[in-house]
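Okay, structure first, notes after.
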Amino acid sequence: MSGAAAMESAAGRSGLPPAAYALVALALVAATAVILYAMGRTPICTCGTVELWHGVVRDSGNSQHLTDWYTPSHVIHGFLFYCGAWLIGRLPGKPLPFGAALLLAIGVEAAWEILENTDMVIERYRATNIALDYYGDSVINSVSDIFAMILGFSLARTLPIWLTIAVAVLMELFVGYWIHDNLALNIIMLIHPIEAINQWQSAV
């Protein structure tokens with residue numbers, strides 16, 4: 001049985017209705033928003049508006065609105081988290097129900113959003129040229145990022161594996177071409193900045 005099939009089968013035996021998982025998921029997202037607000041994150045952009053799409057990377061509005069050039073990275077998070085759940089589903093023992101796997105993914109994404117908005121990580125980002133104007137996410141942007149991850153997780157559940165991989169690669173290439181940044185480069189520059197990449201990104 002494949003990992004996806006194992007999750008589907010386990011979901012059918014879990015005894016928890018989908019509405020229960022949905023309520024817990026919403027509670028996790030709401031709790032994350034409250035924590036971020038308590039940390040001093042602004043609810044929306046300080047400009048006073050909420051944009052569906054903000055396409056300027058190197059200004060104070062980046063990561064303050066509903067979607068931006070980094071939204072695809074969070075969709076890819078969902079792909080990767082589903083892959084992790086798929087691998088767990090292949091292990092011997094009780095398979096992980098889909099709803100439980102999604103809640104686990106939301107928990108991991110929420111934890112990252114909280115960590116990402118600590119002063120330590122913000123300053124780490126700002127050490128690179130492309131993030132000089134970055135001062136953390138707004139609450140609405142972080143919440144939107146979590147829902148982007150949920151979208152990616154759900155797409156990975158339905159799309160063939162090859163198509164999921166193709167979509168992830170295309171998004172990485174497209175975003176990397178247009179803004180000189182993407183999920184892979186973001187991880188590299190956060191963990192171990194490379195000056196050559198830093199200079200290339202400064203050309204945006």
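The values are calculated or read from the model by the stated rules, or taken from the named source; none is laboratory data. Only a predicted model underlies this, so the values are computations on that prediction, with no experimental measurement involved. Cβ: placed from backbone, ideal geometry, glycine included. Neighbour counts: every protein chain shown.
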For this session: Look at Glu51 and say whether it is under 15 Å from the mean Cα position of the chain (by Cα), modelled with pLDDT of 95 or more and charged (D, E, K, R).
Result: no
Problem set entry | Residues (within 11 Å of Ile76 (Cα to Cα) and small (Gly, Ala, Ser)) located in the stretch 167-178 | Ala168
Exercise. Of the residues that make up the stretch 175-182, is at least one surrounded by fewer than 16 Cβ atoms within 10 Å (Cβ to Cβ), without any contact (Cβ under 8 Å) to a residue 12 or more places away in the chain and of a type in the set (Phe, Trp, Tyr)?
Worked result: yes
Problem set entry | Criterion (of a type in the set (Val, Ile, Thr), more than 21 Å from Gly55 (Cβ to Cβ) and in contact with a helix residue (DSSP H, G or I) (Cβ under 6 Å, 6 or more places away or on another chain)) met by exactly one of Ile122, Ile106 | Ile106
Exercise. Could you give every pair whose Cβ atoms fall below 8 Å, whose first residue belongs to the stretch 91-106 and is basic (Lys, Arg), and whose second residue is surrounded by 17 or more Cβ atoms within 10 Å (Cβ to Cβ) and part of a helix (DSSP H, G or I), counting only separations of at least 6 or pairs across chains?
Worked result: Lys94/Ala10
Seminar exercise, completed: Filtering the stretch 29-48 down to residues that are part of a helix (DSSP H, G or I) and either surrounded by fewer than 16 Cβ atoms within 10 Å (Cβ to Cβ) or touching a strand residue (DSSP E or B) at 6+ places or on another chain (Cβ under 9 Å) (or both) yields Ala30, Ala31, Val34, Tyr37, Ala38
For this session: Return yes when Leu159 is more than 17 Å from the chain's Cα centre (by Cα), surrounded by 14 or more Cβ atoms within 10 Å (Cβ to Cβ), more than 26 Å from His54 (Cα to Cα) and not polar (S, T, N, Q) and no when it is not.
Result: yes
Exercise. From the residues in the stretch 1-45 that are polar (S, T, N, Q) and under 27 Å from Thr164 (Cβ atoms), which one is modelled with the lowest pLDDT?
Worked result: Ser2
Seminar exercise, completed: When (1) crowded, with 20+ Cβ neighbours inside 10 Å; (2) under 13 Å from the mean Cα position of the chain (by Cα) are applied to Gly136, the one that fails is (2)
Seminar exercise, completed: Note: among Asn141, Asn62, Asn117, just one is buried (at least 19 other Cβ atoms within 10 Å of the Cβ), on the phi < 0 side of the Ramachandran plot and in contact with a Phe, Trp or Tyr (Cβ under 8 Å, 6 or more places away or on another chain), namely Asn62
For this session: Evaluate the following for Leu91: is it more than 23 Å from Ala168 (Cβ to Cβ), aliphatic (A, V, I, L, M), part of a helix (DSSP H, G or I) and over 19 Å from the mean Cα position of the chain (by Cα)?
Result: no
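I'm trying to understand the selection: among the residues of the stretch 89-106, which are within 26 Å of Pro160 (Cβ to Cβ) and surrounded by fewer than 20 Cβ atoms within 10 Å (Cβ to Cβ)?
Arg90, Leu91, Pro92, Ala100, Leu103, Leu104, listed by residue number.
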Exercise. Restricting the stretch 67-88 to residues that are under 13 Å from the mean Cα position of the chain (by Cα), among the hydrophobic types (A, V, I, L, M, F, W, C) and farther than 16 Å from Thr32 by Cβ, which is surrounded by the fewest Cβ atoms within 10 Å (Cβ to Cβ)?
Worked result: Leu80
